[in-house]
1. Which net charge results for the neighbourhood of residue 68, defined as the other residues with beta-carbon distances under 14 angstrom from its beta-carbon, given Lys and Arg at +1 and Asp and Glu at -1?
2. Mind checking the full-extension length gain between residue 47 and residue 18? Use 0.36 nm per residue of separation minus the Cα-Cα distance, one decimal, nm.
3. For the pair residue 66 and residue 36, how long in nm is the line joining their label points, each one 7 Å along Cα→Cβ?
4. Quick one: angle between helix 11-34 and the longest Cα principal axis of the chain, in degrees between 0 and 90, rounded to 10, please.
5. Given Cα pairs under 8 Å that are at least 6 residues apart, what percent is the relative contact order of the chain?
6. Against the longest principal axis of the chain, how steep is helix 41-69, in degrees 0 to 90 to the nearest 10, with axes from Cα atoms?
7. From the list (1) 15.0, 54; (2) 10.9, 30; (3) 12.0, 39, can you say which value of Rg and Dmax of the Cα atoms in Å was derived from the structure given?
8. Taking the Cα centre of region 14-60 as origin, sum charge times position over the Cβ atoms of Lys and Arg (+1) and Asp and Glu (-1), and report the length of that vector in debye to the nearest 20.
Amino acid sequence: MKNSEIRDLSTEELHEKLGEERANLVKQKFTHAVSALENPNVIKNTRKVIARIITELNTRDNQETAAESN
């Protein structure tokens with residue numbers, strides 16, 4: 001998922017996507033622990049997507065806080 005795609009989502013959709021990606025990461029880690037994944041880089045990519053979503057949520061929260069204080 002690219003940054004532009006993440007920015008296009010609403011805040012509610014970001015929260016939903018964050019939950020889905022976190023569940024996906026847990027599933028991938030479990031699968032990798034039981035038997036090796038064909039491509040272990042998917043775990044790394046999932047972590048990066050989670051970080052991008054959290055960053056966008058924090059940015060939106062900071063913008064709302066700044067708008068309220070003005």
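1. So the environment of residue 68 carries a net charge of -1.
2. Gain on extension, residue 47 to residue 18, equals 9.4 nm.
3. 4.7 nm
4. 20 degrees
5. Reported as a whole number, the value is 44 percent.
6. 10 degrees
7. Given (1) 15.0, 54; (2) 10.9, 30; (3) 12.0, 39, the structure-derived one carries the label (1).
8. Roughly 140 debye, rounded to the nearest 20.
Readers should treat all values here as calculations from the given coordinates under stated rules, not as data from a laboratory. Quantities reported herein were computed from a predicted structural model and do not represent experimental measurements. A quick note on method: Cβ atoms are made from the backbone with ideal geometry, for glycine too, and the neighbour counts reach across all protein chains shown.
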